[in-house]
1. Go over the candidates A:ILE411, A:ILE370 one by one and state the one that is more than 16 Å from ligand 1 (Cβ to nearest atom), closer than 28 Å to A:ASP326 by Cβ, modelled with pLDDT of 90 or more and not assigned by TED's automatic domain parsing to the domain that holds A:ASP339.
2. From the list B:VAL281, B:VAL236, B:VAL272, B:VAL254, pick out the single residue that is among the β-branched types (Val, Ile, Thr), in a helix (DSSP H, G or I) and either touching a strand residue (DSSP E or B) at 6+ places or on another chain (Cβ under 7 Å) or surrounded by 18 or more Cβ atoms within 10 Å (Cβ to Cβ) (or both).
3. How many residues does segment A:59-87 contain that are within 16 Å of ligand 2 (Cβ to nearest atom) and part of a strand (DSSP E or B)?
4. Are there any pairs with C-beta distances below 7 angstrom linking a residue in segment B:156-168 that is at the interface with chain A (Cβ under 9 Å from one of its Cβ atoms) and closer than 13 Å to A:GLY108 by Cα to a residue that is outside any helix (DSSP H, G or I) and of a type in the set (Val, Ile, Thr), with the two at least 6 apart or on different chains, and if so which?
5. Does A:ASN393 satisfy being exposed (fewer than 14 other Cβ atoms within 10 Å of the Cβ), within 12 Å of ligand 1 (Cβ to nearest atom) and either not assigned by TED's automatic domain parsing to the domain that holds A:LYS42 or not in a strand (DSSP E or B) (or both)?
6. Assess whether A:PRO14 counts as being within 16 Å of ligand 1 (Cβ to nearest atom), more than 25 Å from the chain's Cα centre (by Cα) and within 13 Å of chain B (Cβ to nearest Cβ).
7. Hey, among the residues in segment A:386-432 that are among the charged types (D, E, K, R) and within 16 Å of ligand 2 (Cβ to nearest atom), which one's farthest from A:SER465 (Cα to Cα)?
Amino acid sequence: MNAVEMHGISKEFPGVKALDNVDFSINKGEIHALLGENGAGKSTLMKVLYGMHQPNMGTISIKGKDVRINSPIEAIKLGIGMVHQHFMLVPVLTIAENIVAGAEPKNGLFFDLHKAISEVDKLAKDVGFTIDPRKKVEELSVGERQRIEILKALYRGVEILILDEPTAVLTPLEVKELFTTLRQLKQKGMSIILITHKLHEIMEVSDKVTVLRDGKTIGTVLPKDTSANELANMMVGREVKMGVKCRSTNVGDKLFEVQNLCLKNGDRFCLKDINLYLRKGEILGIAGVEGNGQTELIEVLTGLRKPDKMCLKIGEHEISNNAGADEFIKSGIGHIPEDRGERGLVLDMSIKNNCILGYHRINRFIKKGIFLNNVIGKYARHLIKTFKIKAVNEEIHVGTLSGGNQQKVIIGRIFAQNPEVVIAAQPTRGVDVGAIEYIHHKMIEFRDEGKAILLISADLDEIKSLSDRIVILYKGCVVAQGVTDDFTDTDLGILMTGGKISNEER
Amino acid sequence: MGSLLDKIDIILISTIRMSVPITLAAVAGVFSARAGIMALGLEGMMLAGAFCAALGSYIAGNVLIGLLAGIIGGVIISLFHGILTIRYKVDHVISGIGLNLLASGITTVLLQTIWGNRGNSPEVNSISPIHIPILGEISPLVCVMILVVILSWIVIFKTTFGLRLRMVGEHPKAASTVGINVNRVKYISVIITGILAGLSGAYLSIDHVNLFVREMTAGRGYIAVVVNILGRYNPVGALGGGLLFGFADSIQLVLSGDNIPGQLIQMIPYIVTLLVLMFAVRYIRPPAGLGKNVED
Ligand SMILES: Nc1ncnc2c1ncn2[C@@H]1O[C@H](COP(=O)(O)OP(=O)(O)OP(=O)(O)O)[C@@H](O)[C@H]1O
Ligand SMILES: [Mg+2]
C-alpha cells in the first residue's frame, strides 16, 4: 500500500493546462524526487496534494483511503506537510511562534509560550538541529530558515513531507546537512517528496524519480538504473549538453575596471581593496563561499550601494561613486539580480511592464513622457518568443509564472537591451537544465560579440564551465585570480575556505 | 497659586476625559491593523456609533441601550469595510474614506428626518459619572477604556488568537498554509474594531455631552489612525498616544479666554497630529501585510 497515490490528476488555470492526467505515488520511508522543466507543473501537483489547489479531475488516496483535500488544514490532518519554494515564515515572530502557529499549545485560554519553546527545543534536538527557539526569524540565514520550515511540518507530526526546491538557495554545505536530515527522517518511516533541478542531487539522495513534462507524467525510474544525462533527456525531450566548457577565443582590450574598491559596514570591511577587470569577450567568474562579500560586490557594481572608495571605469568613461543605479544602467551595465523576487521583478505587475523595468525611460518606449503601449506590448511578445518564456500572454502577472520562467523574463530584459557588461548573479538559480543550457548559450553568445560578463554563482560547476578567468573572494578580499583552467578543484576548495597554495598569483 | 493648581487639576481631568474616545478608537484600529486591514474608516464607525447611541438613548430613554446601539452602529460600518476589503478586495484606503463619507451623509440625513434639525439632536439621557477617590467624579467609560487596553493587550500578545492575528497581518499566505482560517481571523478582528469604535463614538454623544451633533467626531477617527501607528500597533501604546492627544485637546480649555484667538487653539490637536506624522511615524514598522489584498 502506498503512502500517497495520486491518479489521473488534471488542473487547469485560465489559459494553461498545468497538469494533464498525472499519476504519482510514493511509498512509506522513501525519498521520491520530482523532476521537470520550469512550468512542467511540479509545484502545482504538490499544491494539489497539499490542498492549496483543487484538481479539475483525478483522485487522491492516502494510505489506501480515498480523500478529498480541500485546504492545507485538511492536508495537515492527513499527515501531509509542505516546505514551499518561497518561504512561508513571519520574520518578526520568533522561531517558536512560527513553528507552533496554527497548532499552539494552550494553557487555559492563553498561548503557552514556554511549552512552545520547550517542545520546539526538543523537536530540534531530535533531528539534530541547533537553534534557539526564542530568536526571531529575521535574524536567521536562509539555511536556518529552511530548517524552521521543516520543523514546522514535523511539529504537526507529518508523515509525508513535500520539499519544493529546497536546495536552490542553499550553499553546498547546507545542502549536505539537509540531505543528512532527510535520510534520517526517511529512516523513521517518513515519505519525502523532493523537487529539485539539480540532477546530481537526485542521483545522490533519492530512491525514485518521477519526471513531468508539460503537465504530463513521462515516467518513474530508479536513479541506480539511469544517469544524469538520461534524466535530462527525459525531462527536456532531447539531448542536453551539460557543463560544456567553451573558452573565449577572442579576448580584447580592457572594458571594465574596478580599482581599490573598499566598502565598510560600520567599522568592519565588507570589501577590501578589490581590484579586478573585465576584457572584451570574456567571462570573469567570482568563486567563493556565499557570504564572503559577493552580495556587497554586486550591489556596489550596480550602483545600489555607495562604496567608501572605488575607481570604476567602463571603457574610457569613469562612473562617479555617487552615481545611482540608473547611471550604471545608462553606462551599459546590465544587472541580473541575485534574488529575483526581491530585486529582479515586481511580481504583481504584468510581464510586459517587467520587461522594461530599468529601461523604461529610453526613447523607444516613451513619447513625450507617455508610454507607448503598443510598442511595449510588441517588445514583450518578442522577448517571450526569443527567450522561450512559458506564458499565456504578456499581460499576466509575473508572479503567476513558474520560478524558472520568471528568471527568463529577467535574462531577456537585460540581454535584449544590449549592454556592454552584465553583472550576472546566480543567473540560473531555480532554472531547469534545458533553460540553463539556453541561458549559458546566451551568455556565451553575448561574450563572443565582444562584450563581458561578471558571473557570480554559488554553483561552482557553473563558474568552472563558463568563466575564462576566476577571482576568488574570501572574507571580502580577493585571495587569488587567474585563468580558470589553471586551478584544480582542490586549489579552489582550499582558496575559498581561506587556505593558501603556492604560486597563487598568476 | 490656587488658580494654577485648579488649572492643573482641570487639565488632568480633561486629559483623561478627552483621551477616552481617541484611545478606544486607536485600540479598535490596532485589531484591524494587526490583521492586515487598514482602519481608515474609524471616523465613520465613530460617527455611526455616536449617532446610534444618541438615537438608542432617545428612543429607549436608557443609556445602556444607547451604548449597545452605538456599538451596533460601529459594527455595521466596520463590517461593510470588512466585506469590501476581504471579500471584494477593494483598496483599503478607498473603502475607508468612502465609508467615512457615507457615515457623514447618512447621519446628517437621518438627523433631519428623525428630529427635523440639521445641526443636532435633542438632549438625551447620558451616562452619569461615578465617584472615584482622588480623581473625583469621572465617567465609568474611563474604567472601561483602561480595561479594554489591558484586555486587548492580553488578547493580542498572550493568546493563541493573538498569535494567529499577528501572523495573518504579517504574512497571510504563511498563516493559511499552517491551517489558520485567514478570513475568519480578519472578520473577527473587524468586528472587534467596530465594537470599540462604536463605543468610542457613543462616548462622544451620550457621555461627553448628551446629544448628537452633526460631524461631532471632528476628525478624531483620523487622529486615532495616527495614534494607532504612534503606539506601534499596541493597545498600551495606543493609550499613551491617546493621553498625548487628550492633553493637546484639553489645553484648549485652559488657554481659551486668554486673549488667544480660539481658532488657533482649536488647531492644537491637528498640529500635534502633523508633527507626529512628520517625525515619529517614520521609524515605526507596520505589519508587513497591512493594506494588502492577497490573491487566494
Ligand atoms: N496561480 C496560477 N495562475 C495561473 N497560472 C498558474 C498559476 N500557478 C501556476 N500556473 C501555471 O501553471 C504551470 C505550471 O506551474 P508550476 O509552478 O507548477 O511549475 P513548476 O514545475 O513548479 O516550475 P518551476 O520549476 O519553474 O518552479 C505554469 O505554466 C504556470 O504559469
Ligand atoms: Mg515550482
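The values are calculated or read from the model by the stated rules, or taken from the named source; none is laboratory data. The model shown is predicted, which means the values in this text are computed figures rather than measured ones. No Cβ is skipped: glycine too gets one built from the backbone with ideal geometry, and neighbour counts run over all protein chains shown.
1. Values: A:ILE411 fails: more than 16 Å from ligand 1 (Cβ to nearest atom).
Checking each option against the conditions leaves just A:ILE370.
2. Values: B:VAL281 fails: either touching a strand residue (DSSP E or B) at 6+ places or on another chain (Cβ under 7 Å) or surrounded by 18 or more Cβ atoms within 10 Å (Cβ to Cβ) (or both); B:VAL236 fails: either touching a strand residue (DSSP E or B) at 6+ places or on another chain (Cβ under 7 Å) or surrounded by 18 or more Cβ atoms within 10 Å (Cβ to Cβ) (or both); B:VAL254 fails: either touching a strand residue (DSSP E or B) at 6+ places or on another chain (Cβ under 7 Å) or surrounded by 18 or more Cβ atoms within 10 Å (Cβ to Cβ) (or both).
Checking each option against the conditions leaves just B:VAL272.
3. Of segment A:59-87, the ones within 16 Å of ligand 2 (Cβ to nearest atom) are A:82-87.
Next, from what is left, pick out any that are part of a strand (DSSP E or B): A:82-83.
Here the count works out to 2.
4. Short answer, once both residue conditions are applied: none.
5. Details: exposed (fewer than 14 other Cβ atoms within 10 Å of the Cβ): yes; within 12 Å of ligand 1 (Cβ to nearest atom): yes; either not assigned by TED's automatic domain parsing to the domain that holds A:LYS42 or not in a strand (DSSP E or B) (or both): yes.
Considered against the rule, which asks whether it is exposed (fewer than 14 other Cβ atoms within 10 Å of the Cβ), within 12 Å of ligand 1 (Cβ to nearest atom) and either not assigned by TED's automatic domain parsing to the domain that holds A:LYS42 or not in a strand (DSSP E or B) (or both), A:ASN393 comes out as yes.
6. Working: within 16 Å of ligand 1 (Cβ to nearest atom): yes; more than 25 Å from the chain's Cα centre (by Cα): yes; within 13 Å of chain B (Cβ to nearest Cβ): yes.
When the stated conditions are applied, A:PRO14 passes them.
7. First pass over segment A:386-432, keeping only residues among the charged types (D, E, K, R): A:388, A:390, A:394-395, A:408, A:413, A:420, A:429, A:432.
Subset that is within 16 Å of ligand 2 (Cβ to nearest atom): A:390, A:408, A:429, A:432.
Values: A:LYS390: 27, A:LYS408: 20, A:ARG429: 16, A:ASP432: 17 Å.
Among those residues, the one meeting the criterion is A:LYS390.
Yes/no matrix, rows are residues, columns are (1) over 25 Å from A:GLY403 (Cα atoms); (2) of a type in the set (A, V, I, L, M, F, W, C):
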site: A:GLU5; (1), (2): yes, no
site: A:ASP23; (1), (2): no, no
site: A:LEU34; (1), (2): no, yes
site: A:MET46; (1), (2): no, yes
site: A:GLY51; (1), (2): no, no
